[in-house]
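*Asks:* Shown below is the structure under consideration.
The values are calculated or read from the model by the stated rules, or taken from the named source; none is laboratory data. Source: prediction; values computed, not measured. Note: ideal-geometry Cβ built from the backbone for every residue, glycine included; neighbour counts use all protein chains shown. Remember, those area values only see protein heavy atoms, side chains included, never the ligands or the DNA or RNA. Shrake-Rupley method; radii C 1.70, N 1.55, O 1.52, S 1.80 Å.
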Amino acid sequence: MKSWIVGVLAVVAGAAALVAGILLGHFAIPKSGGEEAKVDQPAQDVDQEMIQSFMDQVDKERIRENLRALSKTPHMATTQGDVDLVQLLLQRWRDPESGLDQAWNVTYHVLLSFPRKDRPNRVTVVAPNGAELYKSRIKEVNYTQDQLDPEVVQPFAAFAPKGIVMGKLVYANQGTVEDFRQLAEVHGLDLNGTVVIVKYGGTGRADKGINAARYGAVGLVVYTDPGDMNDGRVSDKNETYPHSWYLPPSGVERGSYKQNFGDQLTPYYPAKDYAFRQNESDITGLSPIPAQPIGFEDARQLICSLGGPEAPTTWQGGLGCTYRLGPGFDSLTSFTNSEVRVSVFNERVVRPSDNVIGIIRGSLEPDRYVIYGNHRDSWVHGAIDPSSGTAVMLEITRVLGKMVKEGKWRPRRSIVFGSWGAEEFGLIGSTEWTEEFYKTLSERAVAYVNVDIAVFANATFRASGSPAVQDVVFSAAKQVPAPGHQDRTVYSNWLKHSSRESPLHGSIPFMGALGSGSDYASFFHYLGISAMDIAYTYNKSKTSARIYPAYHTAYDTFDYASRFIDPGFTSHQAVARTAGNVVIRLADASLLPFKARDYSEALAELYQQAEQHLGTTLAQQGIYLEHLQRAVIRFSGAAERFDLRMSENRQLLKWWVPSSPPTSEPPSPSIFELRGQTQGGENVPSKAGLSIALMYGGNLGGSTVHSPP
C-alpha cells in the first residue's frame with residue numbers, strides 16, 4: 001500500500017511540475033541568492049462555498065448608495081470632484097473592517113485639454129455682412145438640479161486645437177475616409193476651406209478631424225444624430241429625457257479627439273518627473289483643425305438649411321428633413337450666402353492625475369496578479385460612465401475585504417484593484433501604469449478584468465475578451481441568477497439574447513473581441529495580458545441606439561441611471577456577482593482556468609476569414625496562405641493535447657489538494673526584497689525589486705523603497 005501511495009504521489013508531482021512549467025514558466029521570479037521561496041501552507045483551489053458566500057453578500061442597495069456618492073458632483077479628471085473621489089476610494093480601501101491589505105495613490109503629470117470658462121466654444125452662422133444669424137448652445141438645457149452645478153463643463157472636443165475658422169458648410173456623413181472620398185470623387189465637391197459637419201459613429205473622434213483636414217477642410221462640427229441614438233424620438237416635451245432614456249435635443253457628447261493611448265508628451269514611458277517629454281508640436285494623432293460638438297437641435301438648424309445635391313440614402317438621418325451635402329446653405333433659407341464659424345478656445349495643460357491602487361495579497365503566489373480595474377473620471381456626473389463600474393468595484397472590494405479581515409479567506413494569488421485616472425482623455429491612467437510597470441506586469445499578471453460601464457441597460461449580460469478567458473467567464477455566468485428571470489442564469493439569458501455556433505461547444509453566448517475603447521487596451525494590446533470587459537446591456541432587437549443615449553452628456557446622472565437604466569440595481573448586482581466570481585476563480589484556481597482550444601478555435605475562424613476575404617487578392621501577388629493554414633492546424637492539435645492534459649491534472653488535483661484554507665495574515669514580503677549595493681555600500685533595491693516595491697506602494701514589511709532620482 002505504501003509503495004502505491006508513493007507511486008501516485010510521484011505521478012501527481014510530475015504532472016504538477018509539468019503544468020507549472022507550461023503555465024507559469026514565463027512568470028518566474030528571481031529569488032534573492034538564487035533560492036526558491038519556501039511556502040509552508042498547502043495548495044489552495046477554488047472553493048465553491050466561498051464563491052456562493054461572496055455572491056450572497058453582494059448588496060444591490062450598497063451599490064445604489066455607492067453610485068449616489070460617486071455621481072453626486074461632476075468629476076472630470078484632475079478637477080476637485082476627481083480629487084475628492086481619490087480620497088473616497090482610499091478611505092474605503094483602508095477601512096479596518098472591510099478594506100484591503102494596502103491602498104495608495106500613484107501620481108502622473110499628464111497633458112490634458114480643457115475649455116475656457118470665460119471664452120466658451122461656439123458654432124455660429126455668419127451672414128455676408130458679418131451679422132451672426134445663429135449661435136449654438138454653450139450649455140445643455142436644465143431639466144433637473146444636476147445640470148445647475150457650476151462644475152458642469154461646457155461641451156468641447158478635448159485636444160482639438162484652439163482657433164477661429166470660417167467657411168461654407170458641407171455635410172460629410174460620419175467623417176470616414178470613404179465618406180470624404182465619395183464627396184470628392186463621386187460628388188465632385190471641393191472641400192478646401194470648408195467647415196464640415198459629421199455624425200458621431202463610424203470612426204474615431206480624432207479620425208473625423210484628421211480625415212477632414214486631409215481633404216482641405218478648416219473646421220469640424222460633430223453631433224449625435226437622433227436616427228442613430230433615439231429610435232426616432234426627438235421631442236423633450238414627452239419623448240426624451242426626463243421622460244425616457246433618450247437623448248434630449250440639446251444633449252452633447254463630449255470626448256477626446258486623439259488617437260493614441262496615454263500621455264501624449266511621454267509615449268511609451270510613464271509621465272513622471274524624470275521622464276523625457278517631447279515637444280507638443282511633435283505629437284501625432286490629434287485633430288489638426290478646430291472641432292466642436294453640438295446637440296442635434298443645433299445640428300437640425302444647420303443641416304436642414306443646406307443646399308447642394310441630396311445626400312445618399314444611407315447618409316440620411318433623423319432630423320426630420322432631407323439631408324443635402326452643400327457646400328453652403330440653400331438660397332431659399334434665411335442662411336443663404338452665409339458661412340459657418342467655429343470658435344474654439346481650448347487650452348492644453350499638464351496636470352497631476354492619480355491612479356488609486358489597492359491590493360489583497362495572495363497566500364501562495366503573492367507575485368502573480370489578478371488585476372481588476374475601472375477608470376474614475378467622467379466628463380460630467382458620469383453615473384453610468386464610469387461610476388456604475390466603480391460602484392460595482394467598491395462593493396466587490398467591500399465583500400472580499402471583509403472576508404479577508406475576518407480571516408475567512410485569502411486568495412492564492414494577489415488581487416490588484418485599480419481606479420484609473422484621466423481615462424476619458426485617452427486611457428491615460430491605465431496606460432501610464434502599464435508603461436511604468438510593463439516588465440513586472442507582463443511577467444506576472446495572470447489576467448486583467450475590466451468593468452467600466454457596468455450597466456448600459458438591464459436586458460442581458462455581455463462580455464468581450466481574449467479567447468483564453470471565455471471558459472472562466474462562462475463558468476461564472478452560469479452561477480449567477482439573471483435579474484428579472486427566476487428560471488434563468490446570467491449565462492442562459494445571455495445565450496438567449498446573443499449566441500453563436502461553436503465547432504467545439506455547440507451553441508454558446510457570443511463573446512466579442514477586445515477593441516480599444518477602455519482601460520483593458522494597454523494591458524491586452526501593449527502587454528499581451530489576457531483580458532476581458534464585462535457589462536450588462538440592452539436588447540438590440542428593441543433599440544438601434546449606438547450606445548446608451550445620455551453617453552458623455554450632462555444627463556448621465558444618478559437620476560437617469562436609477563430611473564431608466566437599472567431602477568432596482570439588480571443588473572449592477574448581477575455584474576458584481578459575475579465579475580467577482582471571475583476574479584475569485586482566477587485568483588484561487590490551482591491551475592489557471594484558461595482553455596487553449598478556445599484560442600485555437602478563434603485562430604481557425606480568423607484564418608477562414610483571411611482566406612475568404614484576402615486569399616484571392618494575395619494569390620494574385622504570389623502570396624499563399626498554406627503555411628499559415630498548417631500552422632493553425634498544428635496549433636489546434638497541440639491545444640487539444642494541452643487541454644486534455646490539463647483536464648487530467650485537474651482531476652488529480654481534486655483528489656489530492658484540500659479546499660482553500662483561510663489565512664488571516666498576509667504572507668511575508670521577503671521575496672519582493674531583491675536588493676543590490678550602491679558604490680557607497682548603501683543597501684538599495686535592485687531593478688526587479690524596485691519595480692515590485694513601487695507597485696506595492698513603496699513599503700514592504702517596513703523597508704521603505706524610494707523612487708529613483
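*Asks:* Checking the table K139/K168; K272/K439; K208/K439 against a 29 Å threshold on Cα-Cα, which pairs fail? Don't jump to the answer; show the numbers that get you there.
*Replies:* Values: K139/K168 25 Å; K272/K439 17 Å; K208/K439 35 Å.
Beyond 29 Å between Cα atoms: K208/K439.
*Asks:* Then there is this: Among L302, S430, H75, whose Cα lies farthest out toward the positive end of the dipole of the chain, if unit charges sit on the beta carbon of Lys, Arg (+1) and Asp, Glu (-1)?
*Replies:* Ranked along the dipole, the leading option is S430.
*Asks:* Within the set of other residues whose C-beta is less than 10 Å from the C-beta of F642, count the net charge using Lys and Arg as +1 and Asp and Glu as -1.
*Replies:* +2
*Asks:* So if I take the alpha carbon set of segment 94-192, get Rg, then get Rh from the Kirkwood formula, what is the Rg over Rh ratio?
*Replies:* 1.17
*Asks:* Could you give me the percent of Cα pairs per 10 Å distance bin for segment 517-664, shortest bin first, beginning at zero and ending with the bin that holds the maximum distance?
*Replies:* 8, 20, 26, 24, 17, 5, 0
*Asks:* In addition: With label points built 7 Å along Cα→Cβ from the Cα atoms of Q87 and H243, find their separation and express it in nm.
*Replies:* 4.2 nm
*Asks:* Can I ask one more? So how do H552, H627 rank on accessible area, 1.4 Å probe, biggest first, that is with the largest at the start?
*Replies:* H627, H552
*Asks:* In segment 587-627, what is the volume of the convex hull around the alpha carbon atoms, normalised per residue and reported in Å³?
*Replies:* 83 Å³
*Asks:* Within the P(r) computed for the chain, what percentage of the Cα pairs occupies the region above 34 Å?
*Replies:* Tail of the P(r) past 34 Å holds 51 percent of the pairs.
*Asks:* Based on DSSP H runs of at least 4 residues, each adding -39500 (n - 2.57), what is the mean residue ellipticity at 222 nm of the chain after dividing by all its residues, to the nearest 500 deg cm²/dmol?
*Replies:* Details: 17 runs with 220 residues, N = 709.
Value at 222 nm, helices only: -10000 deg cm²/dmol.
*Asks:* Provide Rg over Rh for segment 267-376; use the alpha carbon set for both Rg and the Kirkwood Rh (inverse mean inverse pair distance).
*Replies:* The Rg/Rh ratio comes out at 1.23.
*Asks:* Let me ask something else. What is the angle, in °, between the Cα long axis of helix 570-588 and the longest principal axis of the Cα atoms in the chain? Nearest 10 is fine, range 0 to 90.
*Replies:* Result, in degrees: 40.
*Asks:* Turning to a different aspect of this structure: If the viscosity is 1.306 mPa s and the temperature 10 °C, what Stokes-Einstein diffusion coefficient in µm²/s follows for segment 378-439 when Rh is the Kirkwood radius over Cα pairs?
*Replies:* Taking Rh from Cα pairs, D becomes 116 µm²/s.
*Asks:* What's the longest bit of the chain with no exposed trypsin sites (Lys or Arg not before Pro), using DSSP loop states and at most 11 other Cβ atoms within 10 Å as the test?
*Replies:* The answer is 238-541.
*Asks:* From the C-alpha gyration tensor of segment 39-160, pull out the three semi-axes of the equivalent ellipsoid (sqrt of 5λ each), sorted largest to smallest, in whole Å. The partial results should precede the final answer.
*Replies:* Working: eigenvalues 442, 69, 40 Å².
In descending order the semi-axes read 47, 19, 14 Å.
*Asks:* How long, wide and thick is segment 143-220, going by the Cα atoms along their three principal axes, in whole angstroms, largest first?
*Replies:* Dimensions of segment 143-220 along the principal axes of its Cα atoms: 49, 26, 21 Å.
*Asks:* Hey, how many Å between the Cα centroid of segment 374-403 and the Cα centroid of segment 206-222?
*Replies:* 36 Å
*Asks:* Using 7 Å Cα-to-Cβ label points, what is the N192/D330 separation (nm, one decimal)?
*Replies:* A separation of 3.0 nm, rounded to one decimal place.
*Asks:* A further question on this structure: So how tilted is helix 387-405 from the main axis of the chain? Cα-based, degrees 0 to 90, rounded to 10.
*Replies:* With both axes taken from Cα atoms, the answer is about 20 degrees.
*Asks:* For segment 255-318, just run the numbers: alpha carbon Rg, then divide by 2.2 N^0.38 Å, N being how many residues it has.
*Replies:* Ratio of Rg to 2.2 N^0.38 Å for segment 255-318: 1.80.
*Asks:* Right, here's the next one. Multiply the residue gap between E61 and Q651 by 0.36 nm, knock off their C-alpha separation, and tell me the result in nm, one decimal place. Could the numbers behind the result be given before it?
*Replies:* On the way: separation 590, 0.36 × 590 = 212.40 nm, distance 3.97 nm.
Fully extending the segment from E61 to Q651 adds 208.4 nm.
*Asks:* Which value in Å is the Kirkwood Rh of segment 415-513 over different Cα pairs?
*Replies:* Mean inverse Cα-Cα distance, inverted, gives 15.8 Å.
*Asks:* Follow-up question, since we're still on this one. Starting from the exponent 0.38 and prefactor 2.2 Å, build the expected Rg for segment 537-579 from its residue count and divide its actual Cα Rg by it.
*Replies:* 1.26
*Asks:* Right, here's the next one. Show the residues, 5+ positions off or on another chain, whose built amide H is closer than 5 Å to the amide H of D263.
*Replies:* E432
*Asks:* Could I ask something else about it? What's the center-to-center distance, using Cα atoms, between segment 513-535 and segment 627-641 in Å?
*Replies:* 25 Å
*Asks:* Between R563 and E280, what is the label-point separation in nm under the 7 Å Cα-to-beta-carbon projection?
*Replies:* Label at E280, label at R563, 4.1 nm between them.
*Asks:* Check cross-link reach from K542 to the aspartates and glutamates: straight Cα distance under 20 Å, and skip same-chain residues fewer than eight apart.
*Replies:* D225, D228, D231, E239, D566
*Asks:* Let me ask something additional. Along the three principal axes, how long is segment 405-454 when you take its alpha carbons, biggest first, rounded to the nearest angstrom?
*Replies:* For segment 405-454, the Cα extents along the three principal axes come out at 40, 28, 16 Å.
*Asks:* What would the Debye formula give as log10 I(q)/I(0) at q = 0.24, 0.29 Å⁻¹ for the alpha-carbon point model of segment 486-528, no solvent?
*Replies:* Each listed q corresponds, in turn, to -0.80, -0.89.
*Asks:* Express as a percent, rounded to the nearest 5, the fraction of DSSP beta bridges in the chain (both residues included) that run antiparallel.
*Replies:* Taking every DSSP beta bridge within the chain, about 60 percent pair in antiparallel fashion.
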